[in-house]
Structure formats: C-alpha cells, structure tokens
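Undergrad: Got a structure here, written out as structure tokens. Questions coming.
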Amino acid sequence: MSVYTELTHNDIQNILSDYQLGALIDFEGIAAGIENSNFFIITDSGRYVLTIFERLDATELPYFMCLMKHLAGAGLCCPDVMQRHDDSLLFQTHGKQGCIVSCLTGKTLEQLNKTQLHNSGRLLAQLHLAGSDFNQQRVNPTGMAWLIEMSAKVLQKTETSYGTSAAKLLADELKFQRQYHWDSLPSGVIHGDLFVDNILFEAEEASGMIDFYYAHTAPFAMDIAITLNAQAILLGEDDDARMDAFLTGYESLRPLQADEHQALPQLLRLAALRFWVSRLYDAIYPRGGSMTQTKDPQEYQRKLSLHRQAVM
C-alpha cells in the first residue's frame, strides 16, 4: 500500500462517476506497504479504499475481485469490492486498473499481544474455512521456481552487501528446501501476506483482514507459517508463547492435522526464506515511487537463522 501513481481530485472524481458512491469530499495517499498505490477516499456516502494495481498481472485481477466478493459474502471481515454502474469491479486510469473497496473498522497495530495473536489466529482460520467453497484456483506466484530464479538474481550482490555468511545461508537453505514438496497437506485459499499492517483491531478483537493480492491456492500450514513469522516472532524470549497463542486461536476453529504440525518447522523456514529473498531483491533493485517503503531484509535473515537453530 504505497503511492506510485499520483491521482488528482479530478482523477478520482472521474473514477467515481462510474459508481454510485456519491460525490468526493476528500482523499489521501496511504504510505504503508510496497505493492500498489492506495488512497483513502471520503464521499458523501462513506469512506473507501481506492487501489491502483502497479505490478499485478491484469489477467489475474478478476480472481482477487471475485475472491474478496466471495469471502465478504461468506461473512469474513474483509473488504467488499464496490460495483460500477455496469456491475464490473475494476476501473481504468492512467493506463492501469484499479478498484474501490469498503473501508473496515479498526486500526493496524505495530505489535500484537498474546490475546490479539489468539484472535488473529481465529481470523486466519475463518478465512481458510470461508474460502473452502471458492471455486477458482491461483498458483503460488512465489513458489520454488520463483525462489530459485530470484535467489540467483540476488546471491552475488547479497555477498557484496551483506557478507559471505549471508550468501552461504541463502544458498544452503534453498538447497534444503528444494528437497521438500507439500502437495499432500490440506490446501485451499490462503492470504499469503498477513503481516500486522494487513489485519485490523478494535482493542483486543480482530476486526478485519485486508490486502488479498498475494492470495493463492496453497497449504493452509504455509499461511500459518507466514503469519507466525510476520506477527508472532519478535526474535525475543517470548516467541514460543506468542506462537502458541496464535496457534491456539487458529485451532479453536480449525484443528491442524498431524502432518500439518509435523511440517510446520520446515514451513517456517521456507516462509522466512521467501520473504528474505523478496526483501533482498527490493533492496538490491529498488523501485522509484512516492511515499514508498523498503523493508529490512536482515529481519528475515535472522528469523530464518532462528528456525534453523531450533531444528538442529
């Protein structure tokens, strides 16, 4: 959720002319995140989020729109996609596609306590259950083929910028992960990016989940691993208790199977590797943009090292 495409008041008025959302009162860019251009817009009918898609394949956008419609209709606290006069869900501006979605209540937090982690786990389980009858599939865009390709692009510059030990860790972990396949684990729609800036809270209660543009079909346990790394692990003494709080919340709605429990330590490593490589790429090959943020690759290097030590 950054701003790469700048919009004027007139641009947004023109976009709104194809909706039944009322007249534009005010708008502001959203500076969190790194993938799309996002704006809060206020009309005389309410508050919404307007997104312009910067890097996503245009042919995949209908999947995300239909998924959010499905999940909202199934009762998940997530954005609902607003329909235009012709019932379409996407608009075009500046040669790019975008959408307008409902704005949820609550706010994001920089760090979650154990009660909030418990409730975050419950909300992720709700997503997995709500998406169980969604009939569209999307292949993991950051699977093993992606990891191999991206690792090759960053490996040499990782050694230059972060040291020989970092490059060796990257190569060793990639070799380790290439041995494993997780096709037999229970699978379905996963969020794929449930960081703290993608979940909303009202006090202790999780009030909503946003930013579904990494959603795809994958093992549910992979989504759990991604979210544990993102929300529970602070690289501190309380990490085990924080992970337990999240997992207890998740399993209160969807108990894990034995093979999911067994796979989780390796999936935590895989998830850490995936985000480390992504952050390395963004740091080594930065993109231009207004109000953009590049996240620290070394955070996920440390998380990967933590998980490797836990199983050695």
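Undergrad: So which of Gly75, Gly46, Gly22 is touching a residue at least 40 places away in the same chain (Cβ under 8 Å), farther than 27 Å from Asp133 by Cα and either within 17 Å of the chain's Cα centre (by Cα) or not assigned by TED's automatic domain parsing to the domain that holds Asn198 (or both)?
TA: Gly46
Undergrad: Of the residues Gly131, Gly163, which is loosely packed, with under 13 Cβ neighbours inside 10 Å and in the same structural domain as Pro255 (by TED's automatic domain parsing)?
TA: Sole residue among the options that is loosely packed, with under 13 Cβ neighbours inside 10 Å and in the same structural domain as Pro255 (by TED's automatic domain parsing): Gly163.
Undergrad: Give the residue that is surrounded by the most Cβ atoms within 10 Å (Cβ to Cβ), with candidates limited to residues of region 140-156 that are within 12 Å of Tyr281 (Cβ to Cβ) and in contact with a Phe, Trp or Tyr (Cβ under 9 Å, 6 or more places away or on another chain).
TA: Val154
Undergrad: Could you please find all residues in region 244-255 being free of Cβ contacts under 8 Å to residues at least 40 places away in the same chain and within 19 Å of Glu204 (Cα to Cα)?
TA: If the condition is that a residue be free of Cβ contacts under 8 Å to residues at least 40 places away in the same chain and within 19 Å of Glu204 (Cα to Cα), then Asp244 is the only one that fits.
Undergrad: Okay, next question. If you check Leu169, Leu174, Leu155, which single one turns out to be at pLDDT 95 or above and either under 26 Å from His191 (Cα atoms) or in contact with a strand residue (DSSP E or B) (Cβ under 8 Å, 6 or more places away or on another chain) (or both)?
TA: Testing whether each residue is at pLDDT 95 or above and either under 26 Å from His191 (Cα atoms) or in contact with a strand residue (DSSP E or B) (Cβ under 8 Å, 6 or more places away or on another chain) (or both) leaves just Leu174.
Undergrad: Can you name every residue in region 178-195 that is among the small types (Gly, Ala, Ser) and at pLDDT below 95?
TA: none
Undergrad: Being in contact with a Leu (Cβ under 8 Å, 6 or more places away or on another chain) and within 15 Å of Lys96 (Cβ to Cβ), is that true of even one residue in region 17-30?
TA: no
Undergrad: While we're looking at this one, here's another question. Return only the number of the condition from (1) in contact (Cβ under 8 Å) with a residue 60 or more places away in the chain; (2) within 29 Å of Asp282 (Cα to Cα) that Leu123 does not satisfy.
TA: All conditions pass for Leu123, except number (2).
Undergrad: Next question. Taking region 16-66 only, how many residues are in contact with an Asp or Glu (Cβ under 8 Å, 6 or more places away or on another chain) and surrounded by fewer than 14 Cβ atoms within 10 Å (Cβ to Cβ)?
TA: Residues that pass the stated criteria total 4.
Undergrad: Check Lys69, Lys107 and return the single one that is exposed (fewer than 12 other Cβ atoms within 10 Å of the Cβ) and either polar (S, T, N, Q) or under 19 Å from the mean Cα position of the chain (by Cα) (or both).
TA: Checking each option against the conditions leaves just Lys107.
Undergrad: Sticking with this one: Take the residues in region 166-181 that are hydrophobic (A, V, I, L, M, F, W, C) and surrounded by fewer than 17 Cβ atoms within 10 Å (Cβ to Cβ); name whichever of them is farthest from Leu270 (Cα to Cα).
TA: Across region 166-181, the extreme among qualifying residues is Ala171.
The values are calculated or read from the model by the stated rules, or taken from the named source; none is laboratory data. This structure is a prediction, so every number in the text was calculated from the model and none was measured. No Cβ is skipped: glycine too gets one built from the backbone with ideal geometry, and neighbour counts run over all protein chains shown.
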